[in-house]
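Peer 1: For reference, the structure I am asking about is given below.
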């Protein structure tokens, strides 16, 4: 396996965990890029790396992508809140022969839950169950609902004919899937999909017990895309 020299955007709790996992897997942190790092410094630091991982904030996504692509550095993007622009960014990546790996959630367990959610949506077609979603994250998370919750909702809608859209407004209208988003304490991430009928309740729940699962997924993603071009997701990684 090629030794990665990782440019790490962001050095909070998640950044430190990525560093730990990367080093354990035999890679190097070539540089750390923080909010205070100037553009000239960033471009200089990127030259010492052969791949980048970003877990920062949505407002930084455009600039960080631009820095990486101007230096032709593959990028693992863990920041959410920008996926509504996915088509535009995909076109940039493809036309520029760049490399981007993105995911609303890098936890392997959560990606298993994504598939279970799709299966549940199919099985509930034509039933009387009413479905809603709930997500809880730490108070530092800026986007709501989370990218993970949005993926769960859009996947469910794609696999179930009863629902056409999602909403955060109560009460949900007919054909709308309600998402409740809470921000409290230092919760790493809880996502629940609940289907309720007059007879019973079915709940699919994933709870992250720490950041290590996300960090491992990000490092595995970096290993996966090294030497490739194009846009990749956890579905590609899990498939291979």
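The numbers here are math on the coordinates, done by the rules we state, and not lab data. Because the structure is a prediction, the values reported are computed rather than measured. Heads up, the Cβs are rebuilt from the backbone with ideal geometry, glycines too, and the neighbour counts pull from every protein chain shown.
Peer 1: Sticking with the crude label model, points 7 Å out along Cα→Cβ, report the distance from residue 16 to residue 226 in nm, one decimal please.
Peer 2: Inter-label distance under the simple model: 2.6 nm.
Peer 1: Compute the Rg to Rh ratio over the chain from the alpha carbon atoms, using the Kirkwood formula for Rh, and round to two decimal places.
Peer 2: 1.00
Peer 1: Extension gain residue 25-residue 122, at 0.36 nm per residue separation less the Cα-Cα distance, in nm?
Peer 2: 31.1 nm
Peer 1: Which residues does the label zone of residue 138 cover in region 45-73, counting backbone N under 15 Å from a point 7 Å along Cα→Cβ?
Peer 2: Those under the cut-off are 55-57.
Peer 1: Expressed as cubic angstrom per residue, what is the convex hull volume of the alpha carbon set of region 108-207?
Peer 2: Cα convex hull per residue, to the nearest whole number: 98 Å³.
Peer 1: Here's another thing I want to ask about it. Among 56, 37, 154, which one shows the biggest mean-square fluctuation in a GNM of the chain, springs joining Cα atoms closer than 10 Å?
Peer 2: Top of the fluctuation ranking is 37.
Peer 1: Follow-up question, since we're still on this one. Over region 108-207, calculate the relative contact order: mean separation of alpha carbon pairs under 8 Å at least 6 apart, over the residue count, as a percent.
Peer 2: Relative contact order, region 108-207: 37 percent.
Peer 1: What spacing in nm lies between the two simple spin-label points modelled at residue 190 and residue 39, each 7 Å away from Cα in the Cβ direction?
Peer 2: Each label point lies 7 Å from its Cα, and together they span 4.4 nm.
Peer 1: Please work out the Cα center distance from region 1-47 to region 192-240, rounded to the nearest Å.
Peer 2: 23 Å
Peer 1: Report the percentage of all Cα-Cα pairs in region 18-134 whose separation exceeds 26 Å, rounded to a whole percent.
Peer 2: Pairs farther apart than 26 Å: 35 percent.
Peer 1: Taking the chain as the reference, fit the longest principal axis to its C-alpha atoms, fit the long axis of helix 61-70 to the helix C-alpha atoms, and give the angle between the two in degrees, 0 to 90, nearest 10.
Peer 2: Around 40 degrees separate the two axes.
Peer 1: Quick one: angle between helix 108-123 and the longest Cα principal axis of the chain, in degrees between 0 and 90, rounded to 10, please.
Peer 2: The two axes meet at around 30 degrees.
Peer 1: Another question about this same structure. GNM, the chain, Cα, under 10 Å: largest mean-square fluctuation among 54, 200, 62?
Peer 2: Taking springs between Cα atoms under 10 Å, the residue moving most is 200.
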